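To start, the structure itself, in structure tokens.
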Amino acid sequence: MRADNCAYKVVEAHNEKVIVDSITRPVGRKVLYLCPSSLLTNVLDEFRRWAPHRNAAYIGGFPKVVRNMVIEQANKLDDCVIILNYEAWRRDTQLLESLVDMKFDTLIIDEAHNAKDMKSNIYKGIERLCLQDHRPEYVIPMTGTPILNRPQELFTLLHMVNPKEFHTLNDFLFKYCETYEDSNGAAKWRFQPGGLERIVKRIGRNFIRRTKDDAGINLPPKTVTIHELEVD
């Protein structure tokens, strides 16, 4: 993830810096949006509301034939947004290779803490997309809970964004963490004193944590849906 391309992009033009608003002018032409299956339709609805000019479609939950057809059509477009759930390539490894071949320039990973386990199919699939020969220029993991239980869970997100700086888990642990014994005598990892601060300095340009007011986002009025239930 490159912070200079998330809220805005600085473009050099005749020795002058021009700010390009990434909301009115998307930075990604070919976007792969990964999310849990429960969010597929909601993400598509949000794209249609906020970016109706984008060619967006989700392919999660459809038969293999339908998915292949959508990917084939998307390959013919100059810009597209493909929305996919994490579980999709669990039973279809060829789907993952088809996504790699599309050469997405932007990869958005919603609820990215789902990839905290390096042994899971979710993480291995994302790693395949991130570390391919044609790595997406923009890798944007999004989560409100980057660390659920252990420091190791933060490494997976950092590795996706900057595999050169955060190359191996062991290197990450020995640079920023230390071991201790819990109440049961088991050895566990925790951040060294000042470890998190040093990580912040390393990723400062790649990390965004803002409120809606900070970002200048005006949300539309809430949509209230009333469901009437019969109680027997």
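The values are calculated or read from the model by the stated rules, or taken from the named source; none is laboratory data. Note that this is a predicted model, so its numbers are computed, not measured. A quick note on method: Cβ atoms are made from the backbone with ideal geometry, for glycine too, and the neighbour counts reach across all protein chains shown. Only protein heavy atoms, including side chains, enter the accessible area calculation; ligands, DNA and RNA are left aside. Shrake-Rupley method; radii C 1.70, N 1.55, O 1.52, S 1.80 Å.
I need a count of the residues in the range 139-151 that are surrounded by fewer than 18 Cβ atoms within 10 Å (Cβ to Cβ) and either over 20 Å from Leu39 (Cα atoms) or touching a Cys at 6+ places or on another chain (Cβ under 7 Å) (or both). Number satisfying all stated conditions: 4. Can you tell me which of (1) modelled with pLDDT of 85 or more; (2) over 23 Å from Thr223 (Cα atoms); (3) open to solvent by 30 Å² or more (accessible area, probe 1.4 Å) is the one Lys17 doesn't meet? Unmet condition: (1). Among the conditions (1) of a type outside the set (Asp, Glu); (2) at pLDDT below 85; (3) not in a loop (DSSP other than H, G, I, E, B), the only one that Arg135 does not satisfy is (3). Just to be sure I understand, how many residues within the range 180-202 are among the aliphatic types (A, V, I, L, M) and more than 20 Å from Asn162 (Cα to Cα)? Here the count works out to 2. Applying the set (1) in a loop (DSSP other than H, G, I, E, B); (2) among the hydrophobic types (A, V, I, L, M, F, W, C); (3) touching a residue at least 40 places away in the same chain (Cβ under 8 Å); (4) within 30 Å of Ala187 (Cβ to Cβ) to Leu148 leaves exactly one unmet item: (3). Scan the range 176-218 for residues that are open to solvent by 100 Å² or more (accessible area, probe 1.4 Å) and of a type in the set (A, V, I, L, M) and the total you get is 0.
In the range 45-63, the qualifying residues are those that are closer than 20 Å to Trp89 by Cα and surrounded by 13 or more Cβ atoms within 10 Å (Cβ to Cβ), and the one that is modelled with the lowest pLDDT is Gly61.
Residue-wise test of (1) at pLDDT below 90; (2) open to solvent by less than 60 Å² (accessible area, probe 1.4 Å); (3) under 18 Å from the mean Cα position of the chain (by Cα).
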position: Leu77; (1), (2), (3): yes, no, no
position: Cys80; (1), (2), (3): no, yes, yes
position: Ile83; (1), (2), (3): no, yes, yes
position: Glu111; (1), (2), (3): no, no, yes
position: Ala115; (1), (2), (3): yes, yes, yes
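Residue-level check: of (1) out of contact with any His (no Cβ under 8 Å at 6 or more places or on another chain); (2) exposed (fewer than 13 other Cβ atoms within 10 Å of the Cβ), Pro163 misses just (2). Looking at the range 159-232, the helices (runs of 4 or more DSSP H) lying wholly inside it that each contain 1 or more residues that are among the small types (Gly, Ala, Ser) and touching a residue at least 60 places away in the same chain (Cβ under 8 Å) sit at 212-215. Annotation note: Cβ proximity below 7 Å between a residue of the range 37-61 that is closer than 15 Å to Tyr86 by Cα and a residue that is among the basic types (Lys, Arg) and open to solvent by less than 70 Å² (accessible area, probe 1.4 Å) (sequence gap 6+ or interchain) occurs for Ile59/Arg67.
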